[in-house]
Amino acid sequence: MAKKKFGVGNIVACVAALFGLVALVMLFVPQLNWKSITGYDKGDPLSGLQITFGYSEHDVQVLNFSVGNFFTYLLVIIGIVFAVLAIFGKLGKIAPVISAVAFVAAGVLFFCALALMNVNIGELTGEAADKAAQLIKDRYTLGAGAIVGGVFALVSGAAMVGKLFIKK
């Protein structure tokens, strides 16, 4: 039985999987930074864990579970799994396609982290609830975790598209 060569396409897929792992690690890095209006007030940045799974401060629920941000990391995991399957030659050409689509979608969602954040507004309803949530969201900007995660996920997606066209 002939030994299979580890060609350029597989190296590209390995790089995509590694970049996907870097994007996944951004779950632990500050994704949203406090935006100071006056320069004197300071707030804590929010990590990917906090904006995805919610968090409490002084027994008050500040953020709720965010399906959109959870979906971001789920897509990165799907991209990594299908990149590994593409490295081993499983599923033919469909594995790199699924991986590329998952990585690109996750990359876009990383940049939407602020919009996908689910603020706990308590008992407010209607327009008051929308305004209260918007006031809190206006105090944050995208942080390093969201930007780096988005860039690495998009590069991983581009690498998996490249794997489709590399014959070796």
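Some values worked out for this structure:
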{"quantity": "Where PHE82, PHE103, PHE6, PHE19 fall by accessible area, highest first, once all protein chains stay in place (1.4 Å)", "calculated": "PHE6, PHE19, PHE82, PHE103"}
{"quantity": "Choice from PHE111, PHE71, PHE152 showing the highest fluctuation, given a GNM over the chain with Cα pairs closer than 10 Å", "calculated": "PHE71"}
{"quantity": "Cα-based Lys proximity count in the chain, under 17 Å, for pairs eight or more positions apart or on separate chains", "calculated": "18"}
{"quantity": "Selected from GLY149, GLY43, GLY157 as most flexible by GNM, with the chain as the system and alpha-carbon contacts under 10 Å", "calculated": "GLY43"}
{"quantity": "Residue-averaged 222 nm ellipticity for the chain, from DSSP H runs of 4+ at -39500 (n - 2.57), nearest 500", "calculated": "-19500 deg cm²/dmol"}
{"quantity": "Test item: Cα-centred dipole of the chain, Lys/Arg +1 and Asp/Glu -1 on Cβ, debye", "calculated": "1500"}
{"quantity": "Mean separation of Cα contacts under 8 Å, 6 or more apart, over the residue count of the chain: relative contact order %", "calculated": "36"}
{"quantity": "Between helix 144-165 and the chain: long-axis angle, C-alpha atoms, 0 to 90°, nearest 10", "calculated": "20"}
{"quantity": "Most mobile of ALA132, ALA13, ALA95 in a GNM of the chain (Cα contacts under 10 Å)", "calculated": "ALA132"}
{"quantity": "Between region 23-99 and region 122-150, the alpha-carbon center distance in angstrom", "calculated": "15"}
{"quantity": "Extension gain, PHE28 back to LYS131 (0.36 nm per residue minus Cα-Cα distance, nm)", "calculated": "34.2 nm"}
{"quantity": "Cα-projected label distance for ILE121 with ASN64, points at 7 Å along beta-carbon direction, nm", "calculated": "1.0"}
{"quantity": "Carbon and sulfur %, accessible surface of the chain computed with the full protein complex present, 1.4 Å", "calculated": "71"}
{"quantity": "Crossing angle, helix 8-25 versus the chain [Cα axis fit, 0-90 degrees, rounded to tens]", "calculated": "20"}
{"quantity": "Residues whose placed amide H lies under 5 Å from that of MET117, excluding near-sequence neighbours", "calculated": "none"}
{"quantity": "Pair-distance profile P(r), taking every C-alpha pair of the chain, with 5 angstrom steps and integer %", "calculated": "2, 10, 17, 17, 14, 11, 9, 7, 5, 4, 2, 1, 0, 0, 0"}
{"quantity": "Dipole of region 70-168, positive direction: furthest Cα of ALA129, ALA83, PHE111, with charges on the beta-carbon", "calculated": "ALA83"}
{"quantity": "Simple Cβ-charge dipole of region 84-168, Lys/Arg +1 and Asp/Glu -1, about Cα centre, in debye nearest 20", "calculated": "760"}
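The values are calculated or read from the model by the stated rules, or taken from the named source; none is laboratory data. These numbers come from a predicted model, not from an experiment. Cβ atoms come from the backbone with ideal geometry, glycine included; neighbour counts cover every protein chain shown. These area figures cover heavy atoms from the full protein model, side chains too; ligands, DNA and RNA do not enter into them. Shrake-Rupley method; radii C 1.70, N 1.55, O 1.52, S 1.80 Å.
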